[in-house]
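First comes the structure, then the notes that go with it.
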């Protein structure tokens, strides 16, 4: 994946949120072990091929054929001490060892960089979790305060309703008594 594609994929197109690999972007230049040109890609493929079962089987078949052809006497291009075969192995080792060491070194660098990016990501998640927990605590306190005020208002409303009932009963008793006294006095 090219750097442009990775950078364009940073913001999620639907949600607009940051891409899940955003912590790995500063280390993206380490993704290709030998670089991004033609030689680098071929060298990396060659270094990866050395550890495969196909390579080991092919090398074993070539060595067995080499030895058989020279021991049987069908060909005499490399007689018994097999000096040419040793030279071929030395040449292979001379090219393979630096490529494999370079690949291992770069892989170790890449692993460390990605480990650091993962640690940053875990740290960001932990701080976000702490912030959410702090906000939940604050909101929980605010909710308790609102519930307490609601309870107080309910009690106050209940007291006021009782007082209104009392005053209404008093007013009613004052208004009803004089009317009955006036009504009795007039024949």
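General observations
- Yes/no for residue 126 being part of a helix (DSSP H, G or I) and either in contact with a strand residue (DSSP E or B) (Cβ under 8 Å, 6 or more places away or on another chain) or closer than 30 Å to residue 56 by Cβ (or both): no
- Cβ-Cβ under 9 Å pairs, at least 6 apart or on other chains, the range 91-109 side at negative phi and surrounded by 15 or more Cβ atoms within 10 Å (Cβ to Cβ), far side modelled with pLDDT of 80 or more and assigned to a helix (DSSP H, G or I): 96/46; 96/47; 99/46; 99/47; 100/47; 102/47; 103/47; 103/48
- Odd one out for residue 145 among (1) over 30 Å from residue 42 (Cβ atoms); (2) modelled with pLDDT under 95; (3) surrounded by fewer than 12 Cβ atoms within 10 Å (Cβ to Cβ): (2)
- Residue match in the range 179-187 (condition: modelled with pLDDT under 90, assigned to a loop (DSSP other than H, G, I, E, B) and surrounded by fewer than 10 Cβ atoms within 10 Å (Cβ to Cβ)): yes
- Sole exception among (1) surrounded by 11 or more Cβ atoms within 10 Å (Cβ to Cβ); (2) more than 48 Å from the chain's Cα centre (by Cα) for residue 62, by number: (2)
- Residue 129 meets the conditions (1) touching a residue at least 60 places away in the same chain (Cβ under 8 Å); (2) surrounded by fewer than 11 Cβ atoms within 10 Å (Cβ to Cβ) in every case but one. The failed one is (1).
The values are calculated or read from the model by the stated rules, or taken from the named source; none is laboratory data. The structure presented is a predicted model; accordingly, all values stated were derived computationally and were not measured. No Cβ is skipped: glycine too gets one built from the backbone with ideal geometry, and neighbour counts run over all protein chains shown.
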